[in-house]
Structure formats: C-alpha cells, structure tokens
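Here's the structure, in structure tokens; my notes come after.
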Amino acid sequence: MPSDVTVTSPGIVVDLSPDTGSPPATLGGFTMTAVPAPGAPGCTGITPPLPVDGGAIGISPWDGTSRCIGSGWASWSHGYSGDVYYTGGATSQVLTLPSGTKAVYFYVEPNPFSLQDFEAIAQPGGVSTGTFQVDGDGGARYVGFYATGSDTIQSITINGATDFAVGEFGWSGGGISPNSGYKLTLQSLKDDIAQWSWSHGCFDCSGCSCDINGDGEVTPMDALCAFQTYLGICPTECGPCEDICCDVTMDDDCTPQDALEIFKEYLGLPSVCSE
Ligand SMILES: [Ca+2]
Ligand SMILES: [Ca+2]
C-alpha cells in the first residue's frame with residue numbers, strides 16, 4: 001500500500017488518506033466545494049462538464065448516461081447516493097480542470113465487484129498516486145490532489161485495471177470565494193441581448209432568460225440559481241425562489257435541464273439560450 005500522503009514536485013501533492021470515508025471539508029488547507037452544487041440532494045442528474053466557480057470539470061470518456069447510486073450504479077461508499085460518471089467500458093479517463101484549480105478530489109470505483117488496481121496522474125508534472133486498490137463492492141475511494149505555492153492543477157488521468165466510474169467531486173480555485181463573481185463573460189451573448197427588454201428576469205415573458213439574476217451575463221451563478229429553484233433551496237443565490245424565472249427550455253417545468261442549458265451557454269456550447 002502507498003503512504004496516505006505523498007509529497008511530490010513540482011508543487012502538486014497527493015492525498016488518499018480519507019480512503020472510503022466521507023470527504024473532509026478541506027484538502028491541503030483549501031476549503032472544498034462539492035460539485036455540482038453544495039447541499040444538493042443525492043441524485044441531481046447533472047452531467048459533465050460539471051460546473052464550478054469560473055469554469056467546469058470535464059470528464060472524458062463517459063458513457064453519456066446519468067447514473068446515481070442505486071440507479072445505474074450499484075454501490076459506492078460512506079452512504080453517498082449521488083451522481084457518478086461511468087467510463088462506458090474504457091479503463092482510462094481524463095478529468096480536465098478549469099484554470100486556477102488549486103485542489104480537487106473525487107471518488108473512484110471499479111465496475112466489477114472486486115478489488116482492482118488504479119493509478120491517478122496529475123498534470124503538470126505527471127504527479128502519480130502510485131498504484132492503489134479499490135473494491136467494487138461498496139469501496140469507492142477518495143483521490144485528492146492539491147497544488148502548493150503558485151502552482152495549479154490542469155488535468156488528471158485515471159488509469160484502472162478495469163472500467164470504472166468517478167463521482168462525488170470537490171473543487172477549490174484557491175482564495176476565490178464561491179460567490180465573488182466570475183472571470184468569464186459571453187461578449188457575443190451580451191451583444192445579442194442588448195436590445196431586448198426586461199421583465200422580472202423574463203424576455204417579454206416568452207420564456208425565461210438564461211441570465212437568471214439579470215446582471216447582463218450568463219455565468220455558473222445563473223445555472224446554480226436555476227438548480228436551487230428546482231431543488232427548493234430558497235432563497236436562491238439570486239433571490240427568492242418565487243421570483244426566479246427558471247424554465248429556459250419552455251416546457252413548463254424547472255428542472256436540472258434548465259440549469260444545464262444555462263451552463264452550456266456559459267461554456268459557449270449550443271443551448272436553448274442562444275436559439
Ligand atoms: Ca447572470
Ligand atoms: Ca424547463
């Protein structure tokens with residue numbers, strides 16, 4: 001077995017010490033935020049890329065199917081019942097991290113109900129966990145990396161002896177508080193909507209604006225507020241739930257799909273927001 005905490009250079013540190021236990025609130029001194037949303041119920045249906053403050057965590061490959069524990073994936077550990085992302089048969093998966101990533105953790109579990117070997121390698125620098133074993137029978141295991149000094153983590157490659165799933169992410173961008181604002185804006189979108197009229201977050205009430213909080217930019221905050229409205233986390237970061245116009249897909253329901261469409265718009269992907 002490897003030692004629980006391995007200090008490596010340049011400036012990225014491995015921490016496997018929580019093992020199959022619940023994720024600690026901090027990693028390497030960084031306060032971690034659960035992804036996709038703090039305080040979310042077990043199964044959100046949110047799919048990659050997973051929104052974080054200032055960007056998103058990409059997961060590739062995954063099988064494109066929303067899976068949660070007990071619904072598409074049999075077991076995990078320490079009572080977690082949320083979303084997981086299956087490789088779809090592949091034995092390697094790459095996590096792409098947004099710029100400024102200071103710390104990230106996730107859990108991994110093999111598809112077979114047996115002990116399997118894994119290794120996770122962070123870039124830059126090829127910082128490896130070394131080989132560790134994970135039990136597919138309820139033994140999903142914590143894998144954490146954090147950066148020191150001015151270094152950041154760009155990506156993590158997970159190699160398994162078999163196919164596997166990852167899930168239960170936590171992320172930190174360092175000293176940026178979750179609600180301090182976002183660096184990226186969609187200039188083209190702002191131009192597109194510059195001539196539109198406003199009415200309590202709706203554009204002429206023919207569907208809801210993806211700019212949920214009406215600050216003129218579509219950011220992960222807007223997606224979060226749509227998601228919080230769906231979850232009944234009231235008031236949302238953007239105000240009282242009853243004031244949130246959330247149904248951007250215009251299907252008369254506020255669901256994770258609405259939050260996802262907003263997030264896709266933020267990422268510059270095709271979405272109902274830009275139709
Ligand atoms: Ca906004
Ligand atoms: Ca909807």
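A few comments on the model shown:
- The spread of Cα positions in region 5-172, taken along each principal axis and listed from longest to shortest, comes to 41, 31, 26 Å.
- Positive minus negative residues near residue 51 (Lys, Arg vs Asp, Glu; Cβ under 11 Å): -1
- Ellipsoid semi-axes in whole angstrom, largest first, where each is sqrt(5λ) of the Cα gyration tensor of region 81-167: 23, 13, 11
- Under the simplified labelling scheme, the residue 155-residue 131 pair shows an inter-label distance of 2.5 nm, with each label point 7 Å from Cα along Cα→Cβ.
- A Förster radius of 30 Å combined with the Cβ-Cβ distance from residue 66 to residue 234 puts the calculated FRET efficiency at roughly 0.75.
- Placing a pseudo-label 7 Å from each Cα along the Cα-to-Cβ vector at residue 19 and residue 250 gives an inter-label distance of 5.5 nm.
- Taking 7 Å steps out from each Cα toward its Cβ at residue 117 and residue 242 produces label points 6.1 nm apart.
- Across region 5-172, the relative contact order, built from alpha-carbon pairs under 8 Å that are at least six residues apart, equals 32 percent.
- Given charges at beta-carbon only (K, R positive; D, E negative), |dipole| of region 5-172 in Debye: 280 debye
- Table column - 3J(HN,Hα) (Hz), region 261-269, Karplus curve with 6.51, -1.76, 1.60, x for Gly and Pro: 4, 5, 5, 4, 4, 4, 7, x, 8
- Counting Lys and Arg as +1 and Asp and Glu as -1 over every other residue whose Cβ lies under 10 Å from the Cβ of residue 224, the net charge comes to -3.
Read the figures in this text as sums done on the coordinates, not as results from a lab. For clarity, every value in this text was computed on a predicted model and none was experimentally measured. Positions of Cβ are generated from backbone atoms using ideal geometry, with glycine treated the same way; all protein chains shown enter the neighbour counts.
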